[in-house]
Amino acid sequence: MSEDIYREMILDHYRNPRNKGKIEEPDIRINDSNPLCGDEISIDLKVENDVIKDIKFDGRGCAISQASASMLTEMVSNKPLTTIKDLTKDDILENIGLTNLGPARIKCALLSLKVLKLGMVKYYVDKDPSSADEMKDQSKVY
Amino acid sequence: MQALLDVYKIRQDFPILSRKLFDGKNLVYLDNAATTQKPKEVIDAISRYYSEYNANIHRAVYQIAEEATEEYEKTREKIRKFINARHSEEIIFTRNTTESINLVAYAWGGSNVKKGNKIILTEYEHHSNLVPWQVLGRTKGAKLNYLQVDNEGYISLEELDKIISITGEGKTKLITLSEMSNVLGTIFPVKELIKLAHDKKIPVLLDGAQSVPHMPTDVQDTDCDFLAFSAHKMLGPTGVGVLYVKKEILEKMNPFISGGDMIKEVHKENTIFNEIPYKFEGGTPNIADVIGFGAAIDYLNEIGMKNVREHEVKMTEYLMSKLTEIKSIKIYGPKRSEDRGGLVSFNIEGIHPHDCATILNDFGVAIRSGHHCAQVLMEKLDIVASSRASLYIYNTKEEIDILIDALNHARRIFKT
């Protein structure tokens, strides 16, 4: 039932998103949208010595996509960039406390992770174009 | 006062309406603009074809093939009558509205639209009546001109006149628009528009996906040159669309899909195409579902399209009046229900449409949330999505009441 989805934690992050906005001169700026529903997420990152020094997200969409993005920024802030590589779909769903979402809504919850992984891939490929092949599957989350 | 149509009796013809969802909840199906439910007459007609006379049409001489051909062609005639076309060969079967429009874009547009030409459409078009023209325009070097939609959801014929004049004589090759918007619900004055276009010798394509299922259609009266619509939005099965084209235009059109069934003679170096409409129906068609569509047309005729329309006007009035009572709701499209088809798009402040639809599902209520395949319109309205409730012949006031309860519950959860 939807009361299980729209608990206070989700609604709080939806209404008062953490780390929302833009970073001036970010090291990574990346965005994506969910073509089925039009949810949009963009993420800015500041990276120092491969550690995420600052992260901000911006976007429009449903409570699940926006709250999930807000919680994800808290989760990876000040962590090594490589942690993004290891983050899985289940990590996100557990983090936001929604492990029984239907197939349509799961995509809302995972959009921000997808964007973050795309950003990480872009960062490494920009640094070392020869890694493109090796990195190309790293942004898959579904 | 006597009811226009006996909704409760009609409901008994739809097996899905008596199924139970989780917790024994009834299905409150309000997503009819996406697809409608099917009466048992349609389901039975399809099943009868497969169990009694399944055979390929138009060629074989044995009994069941002749029966199949006859039933398939009967549907063509039923559709001719349903939209009041002059000739049954003006009716082409496709897979859906999208394919019908693509057929015009490729087969007609391919030889009639040239570099520097213009195609006029509106800002509220469904992607199915927008992307094919973008693709054609890109191939041919032709441009699209968008007719604006105002805040109330109307378009202006003066603006259309202006656009045509600015473009220059003979440059505008086609005007293409939905007769009814799938987001705003607006029914547009196509007859006047077509008259204006024809005065300037411009043909008009109507996307009838939303209008044909919900009101009487008369192609001789509107005088449209092309009309596209889908069976599955009017009680019929998925996988069948219709394209109506005026005979004099159709006779000059090149084929779209080539191959079997659309030929008269094939030689190593050349082919003589079949006559219309078969020239446009390459390959084995969706025989079973075309026959099923015939049963859907019979069902609608039994009710009467005027009654369908009157029922929806009344129900839309009720839906609009109930929605308006909800705090901080924004309703899109015309205020007058006679200018509307049976659908209403809305947003409740602070609740995203997807969240709204998820909560409504707890009540068994099925509505659509999203951009409704009309992203150009969404940009114009400056929203990413909306919720949409859309009605048909089997919907009741009680179901609208359940929708309203569910919306108020969503407001409580989101504390708006």
Open item on the list: Which of the helices (runs of 4 or more DSSP H) found entirely inside the range B:71-158 contain at least 1 residues meeting this: acidic (D, E) and at pLDDT 95 or above?
Closed with: B:97-103
- [ ] Taking B:E265 as the residue in question, decide whether it is in a helix (DSSP H, G or I) and either more than 17 Å from B:I101 (Cα to Cα) or under 19 Å from the mean Cα position of the chain (by Cα) (or both).
- [x] no
- [ ] Name every residue in the range B:46-63 that is surrounded by 14 or more Cβ atoms within 10 Å (Cβ to Cβ), among the hydrophobic types (A, V, I, L, M, F, W, C) and either more than 29 Å from the chain's Cα centre (by Cα) or in a helix (DSSP H, G or I) (or both), in order of residue number.
- [x] B:I46, B:A55
Task: Qualifying residue in the range B:105-119 (condition: closer than 19 Å to B:P203 by Cα and under 16 Å from the mean Cα position of the chain (by Cα)) - done: no
Open item on the list: Checking B:W133 against (1) farther than 30 Å from B:I331 by Cα; (2) in contact (Cβ under 8 Å) with a residue 12 or more places away in the chain, only one condition comes out false. Which one?
Closed with: (1)
- [ ] State whether the residues of the range B:98-106 include one that is under 21 Å from B:L377 (Cα atoms) and without any contact (Cβ under 8 Å) to a residue 60 or more places away in the chain.
- [x] no
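Rundown of residues vs (1) of a type outside the set (V, I, T); (2) at pLDDT below 95; (3) in a loop (DSSP other than H, G, I, E, B), yes/no style:
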| position | (1), (2), (3) |
| --- | --- |
| B:E192 | yes, no, no |
| B:K195 | yes, no, no |
| B:H198 | yes, no, no |
| B:K201 | yes, no, yes |
| B:A209 | yes, no, yes |
| B:L227 | yes, no, no |
| B:H232 | yes, no, no |
| B:P237 | yes, no, yes |
| B:I249 | no, no, no |
- [ ] Would you check if A:D90 is among the acidic types (D, E) and in contact (Cβ under 8 Å) with a residue 12 or more places away in the chain?
- [x] no
TODO: Identify all residues within the range B:162-211 that are of a type in the set (S, T, Y) and over 29 Å from B:D31 (Cβ atoms); write none if there are none.
DONE: B:S165, B:T167, B:T172
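The values are calculated or read from the model by the stated rules, or taken from the named source; none is laboratory data. As the structure is a prediction and not an experimental result, all values here were calculated from the model. Because the Cβ atoms are built from the backbone with ideal geometry, glycine has one as well, and the counts that use them run over all protein chains shown.
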